[in-house]
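The values are calculated or read from the model by the stated rules, or taken from the named source; none is laboratory data. Fair warning: this is a prediction, and the values are worked out from it, not measured in the lab. FYI the Cβ positions are ideal-geometry reconstructions off the backbone, even for glycines, and counts take in every protein chain you see.
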Amino acid sequence: MSVAQPVVRFGLIGNPLSHSFSQRFFTEKFHREGLSDHRYDPFPIAAIEELPQLVADTPGLRGLNVTIPYKQSVVPFLHSVDTLAAAVGAVNTVRIEDGKLIGYNTDVEGFRQLLLPLLTKPKPRALVLGSGGASRAVAYVLKEQGIKFRVVSRSRERGDMTYDLLEPIVVDVCKLIINTTPLGMHPNVEELPPLPYSAIGDRHVLIDLVYNPERTAFLQEGEAHGAVVTNGMAMLVAQAEASWKVWKREGQ
């Protein structure tokens, strides 16, 4: 009589999770790599305080991805955080080893791979829309690349400026605009950041970290004004592959 192999489990925590492609991505990856004992599941949790119980109730759990709105609030629930994630101030990947939760940030690598092919010379000034966990990873990469930027937020305490102070001249000068908010994400596809879009032209590059739908209202508006536009799918794939590398580490 054969003994069933224990299941090696991974998953995603966040709220809501209807927008995520991670389960399909990793399920297909495990199938391609012959990892029949691996599975990846969404774990929607209403509050980050539910994380310890989720880990305790899920045998074989080796790793988690973290998405909106927990990339910052997850940190106090971890046993340690790696140097990069600590510098960013946000965690999107958790490795579980011997009952210990260790936090990492693979959004940095994901955004780096998305951004570099789009950069122009001289390097543009940038606007980062939103001030959450994804915004912190974007800001880290922009600083790394020597790009001057301002963070636009609904709250003056969380950003350099608020949307109501965003004059057309600022948008005109900042040729790189990155949306890190969930505005426009399915099912609320008609939403978009409140910008003076008339100031956008054919020298602008607009990046939306949202990938569902493929062309958000934000990107459609930029495209209509001649801007180069791209969504967050390339970043998502790159950060997922980087997460897998984190989870596969042994004895570190």
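Taking THR181, is it within 20 Å of LEU142 (Cα to Cα), touching a residue at least 24 places away in the same chain (Cβ under 8 Å) and within 18 Å of the chain's Cα centre (by Cα)?
Working: within 20 Å of LEU142 (Cα to Cα): yes; touching a residue at least 24 places away in the same chain (Cβ under 8 Å): yes; within 18 Å of the chain's Cα centre (by Cα): yes.
Yes; evaluated as a whole, the condition is true for this residue.
Scan the range 96-113 residue by residue and report those that are crowded, with 22+ Cβ neighbours inside 10 Å and either under 23 Å from ASP41 (Cα atoms) or modelled with pLDDT under 95 (or both). Explain how you work it out, then say what you get.
The first filter runs over the range 96-113 and keeps only residues crowded, with 22+ Cβ neighbours inside 10 Å, leaving 103-108, 110-111.
Residues satisfying the conditions are GLY103, TYR104, ASN105, THR106, ASP107, GLY110.
From the list ARG249, ARG203, ARG158, which one is touching a Lys or Arg at 6+ places or on another chain (Cβ under 8 Å) and within 23 Å of TYR104 (Cα to Cα)?
On the way: ARG203 fails: within 23 Å of TYR104 (Cα to Cα); ARG158 fails: touching a Lys or Arg at 6+ places or on another chain (Cβ under 8 Å).
Of the residues listed, the single one that is touching a Lys or Arg at 6+ places or on another chain (Cβ under 8 Å) and within 23 Å of TYR104 (Cα to Cα) is ARG249.
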Starting from residues that are within 19 Å of the chain's Cα centre (by Cα) and β-branched (Val, Ile, Thr), keep the ones in the range 149-178 and report whichever is farthest from LYS71 (Cα to Cα).
ILE177
When the range 44-87 is examined, which residues are found to be over 28 Å from ALA139 (Cα atoms) and either out of contact with any strand residue (DSSP E or B) (no Cβ under 7 Å at 6 or more places or on another chain) or surrounded by fewer than 19 Cβ atoms within 10 Å (Cβ to Cβ) (or both)?
GLU50, PRO52, GLN53, LEU54, VAL55, ALA56, ASP57, THR58, PRO59, GLY60, ARG62
Looking only at residues in the range 114-148 that are within 13 Å of the chain's Cα centre (by Cα) and among the polar types (S, T, N, Q), which one is surrounded by the most Cβ atoms within 10 Å (Cβ to Cβ)?
SER135
